[in-house]
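These notes concern the structure reproduced below.
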Amino acid sequence: MDEKQRVQEIKELLRRYDYEYYVLAQPSVDDYTYDMLMKELEAIEAAHPELITADSPTQRVSGQPVKSFETVVHSRPMLSLSNTYNQNELADFDRRVRENLPPGSYVEYVAELKIDGVAISLLYEQGMLVRAVTRGDGIQGDDITANVKTIRSVPLRVATDVSLPKNFEVRGEVYLPKQSFEAINRKRQEEEEALFANPRNAAAGSLKLQDARLVVQRKLALFAYYLLTDAEEELKPSHVDNLNWLKEMGFPVNPYFRLCRSLAEAFEFINEWEVKRPDLPYEIDGVVIKVNTLAQQKILGATAKSPRWAIAYKFKAEQVETLLRKVVWQVGRTGAVTPVAELEPVALAGTTVSRATLHNPDEIERKDIREGDTVVIEKGGDIIPKIIRVQLENRPTGSRPLAIPSKCPSCGQPLTRMEEEAALRCSNPNCPEQVMRRIEHFAGRNAMDIEGLGTALVEALVEKGLLKTAADIYFLHKEELAALERMGDKSADNVLAGIEKSKEQPLHRLIFALGIPFIGATASKMLSKTFHSVWALSRAKQEELEAVEGIGAKMAESIRTWFANPLNQALINKLEHAGLQLEEESNDMDRPLPFAGKTFVITGTLPRMSRSEATEWIETLGGKVSSSVSSKTDFVLAGENAGSKLDKARKLGVVVVGLKELEEKVNAKEE
């Protein structure tokens, strides 16, 4: 078997295994078998780049961030659904449907779970995914193809063993499973970043990230719910038939849909899932009711905003009453002091809730929340517990408004409140609670990952006065550790081994571990890639920092403020003295960059390189790649079948080069 045949065979196997794992949840092979096939495919494609195709499983994650999302006009508008919240309004919908159809028409409905996610359009030509577009304003949306390709349940090429329309569009909902959403918020909480309010917001934010390598970490998923074709006669006669056809093609279709032969059956479906929704591994916020027959859908048509043949029945968020026992104030590693409500434990949306974040003093004052109150709580996005209101009629006699602290509950120093911030803040860098949280963050799994140095041990070491800064970790002695309660020689040895191993962590982890406000793991990677050392980062000017992908003015100012603090400068010096690597080698640090300051536009099909590979190559050599030609463009890199960009370049007098010519220019400069 030659390489081309083997590549095709592996692709088919991996597509089948992806379908079994991500759509059917019935894997037929173990992870090792899958990974070995993927590695074999990568090796063959590396040796034979001409065999790489857009539908290859190796091409799911783009290696190059996009600069912006192109706006695309939908072939047919992506209308939004009208909402209803009670059965009378649903009965009115049924009446309108029947009044607008020929007398005596038999009407069936399809009831589907309303997934709490983001609407998406997937365009396929000859069975291959060519474009993925957000709903946008319904008329046009953003081209986010690179990001959607990271969703493993989305077919890059549709199964060839079923009948297919020539070209078709699949509409669906991209969503975050509960487990993925909770993991993202846990990580954001560790990094003291704002939590996503609900899975829908998290999914929307993930799809708009400019680097597909970050999107793949979010573990998004898809449910397909509608099929469109250029030729309507290619479609099956009913919506249920087309849902089943989508399943045959290999698309993930939510299994919980029901053909309802009366409105009463639709009500039964709604009532059933309002009770069962907490058991699902993803969030739903209602049920969608659609007229089943496509011919009737066409007769009913649509308003400017919504189809007349479908409606969304929205569930009310589950709410329960409980007693607010106490409000405690917690100090974070950056000094932010936030109130937390301790509640009488109560069952809510499938879990037992005993705490709820109150965010800041403004929320306490606005809702007049007091200890001893009976409060109504719900889960924001059915995930994060929050207090909706106080049952004032149950307020105990003699109740007093909560006292907002003026001093830090940990160190007793005065609290401040920045003009642009709602949170209280302790500005004492030696505050014991801050010290503990900073060291805990430094040693955490996403930072220096010091095995054995968990929360309890950090707190014990801080209380004993053995740790005052994160750098003190590297000067601990075995005798000090072994003398602690529940420790011994073996445990002390294990902790010291973990500390020593952490010195090998890459620069981006160290930058994140420093705990600079607003600088998370992703920003730390970009800073490491740009500056290559803590020292260079410490000297960077505001405009240099803002030039880094993903670093805004607020983040840049935070970096400069952090490094200007003498205590932080002392911390860095002590970490260097401890033997940590504060810089890393860069392949291009000591040589001139031939494309420095030059702007390129790429058009046409290039030999030996994809556009993303060419973009990465140019940027590695100091250049910038733009999507449009202007008078500021220095070069247009043109391949075969170059289009209007080439014509515009010639009109503007922009230099046009081929890949071979550009490579020769680089080689000449290097010589």
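The values are calculated or read from the model by the stated rules, or taken from the named source; none is laboratory data. Keep in mind the model is a prediction, meaning the values are calculated, not measured. So basically every Cβ, Gly included, is an ideal-geometry build from the backbone, and we count neighbours across all protein chains shown. Heads up: the accessible areas ignore ligands, DNA and RNA and are worked out on the full protein's heavy atoms, side chains in. Shrake-Rupley method; radii C 1.70, N 1.55, O 1.52, S 1.80 Å.
Observations, loosely collected:
- FRET efficiency estimate (nearest 0.05) - Cβ-Cβ, LEU652 to LYS541, R0 30 angstrom: 0.35
- Where no second cysteine Cβ lies under 4.7 Å, the cysteines concerned in the chain: CYS260
- Magnitude of the charge dipole for the chain, about its Cα centre and with charges confined to Cβ atoms of Lys, Arg (+1) and Asp, Glu (-1), is about 1420 debye.
- Once all protein chains are placed together, ARG200 keeps about 90 Å² accessible to a 1.4 angstrom probe.
- Zone residues, the range 266-302, relative to GLU248, backbone N less than 19 Å from point 7 Å out along Cα-to-Cβ: 293-295
- Ranked packing of 174-181, 550-557, most packed first, by mean Cβ within 10 Å: 174-181, 550-557
- Protection proxy ranking, highest mean first, for peptides 388-400, 318-330, 441-453: 441-453, 318-330, 388-400, where packing is the per-residue count of other beta-carbon atoms within 10 Å, averaged.
- Accessible surface ranking that places the most exposed of ILE618, ILE404 first, with a 1.4 angstrom probe: ILE404, ILE618
- Solvent-accessible surface ranking, highest first, for SER558, SER28 at 1.4 angstrom: SER28, SER558
- Taking packing as the residue-averaged number of other Cβ atoms within 10 angstrom, the listed peptides 534-541, 650-657, 142-149 run from highest to lowest as 142-149, 534-541, 650-657.
- For the range 37-52 versus the range 203-282, the spacing of their alpha-carbon centroids is 34 Å.
- At 1.306 mPa s and 10 °C, Stokes D of the range 81-167 from Kirkwood alpha-carbon radius, µm² per second: 95 µm²/s
- If you sort TYR106, TYR282, TYR226 by accessible surface, 1.4 Å probe, largest first, the order is TYR106, TYR226, TYR282.
- Nearest-0.05 FRET efficiency for GLU421 and ALA578, computed from C-beta distance (R0 30 Å): 0.30
- Cα-projected label distance for SER354 with LYS468, points at 7 Å along beta-carbon direction, nm: 3.7 nm
- Calculated over the range 194-265, the projected area of the Cα convex hull averaged across directions stands at 8.1 nm².
- Which listed pairs, of LYS178/LYS407; LYS525/LYS665; LYS379/LYS407; LYS178/LYS208; LYS208/LYS305, have C-alpha distances above 29 Å, in listed order: LYS178/LYS407; LYS525/LYS665; LYS379/LYS407
- The length gained on full extension between GLN8 and VAL130, counted as 0.36 nm times the residue separation minus their Cα-Cα distance, comes to 42.0 nm.
- Cross-link partners for LYS290 among the aspartates and glutamates, with Cα-Cα distance under 12 Å and sequence neighbours closer than 8 places in the same chain left out: ASP94, GLU108, GLU112.
- Taking 17 Å as the straight-line reach from the Cα of LYS529, the lysines in range (excluding those fewer than 8 positions away in the same chain) are LYS541, LYS624.
- 17 Å reach of a label modelled at GLU234, 7 Å along Cα-to-Cβ, counting backbone N of the range 125-149: 125-132
- Computed over the chain, the Cα gyration tensor eigenvalues convert (square root of 5λ each) into semi-axes of 45, 41, 24 Å, ordered from largest to smallest.
- ILE384 long-range amide H proximity, modeled H, under 5 Å: none
- Length gained on full extension, GLU50 to ALA91: 8.9 nm, using 0.36 nm per residue less the C-alpha separation.
- The ellipsoid equivalent to the alpha-carbon distribution of the range 94-142 has semi-axes of 32, 15, 13 angstrom, derived from the gyration tensor eigenvalues as √(5λ) and listed largest first.
- Residues whose amide H comes within less than 5 Å of that of VAL656, counting only those at least five positions distant or on another chain, are VAL636 (H built at 1.01 Å from N in the peptide plane).
- Here the range 427-493 and the range 129-164 have alpha carbon centers that stand 48 Å from each other.
- One decimal place: the segment SER163-GLU640 gains 168.4 nm when fully extended, by the rule 0.36 nm per residue minus the C-alpha distance.
- Distance in nm between pseudo-label sites at ASP362 and SER626 (7 Å out along the Cβ direction from Cα): 4.0 nm
- In sequence order, calculated HN-Hα J values of the range 75-82 (Karplus, 6.51, -1.76, 1.60; Hz; x Gly/Pro): 4, 9, x, 9, 6, 9, 8, 6
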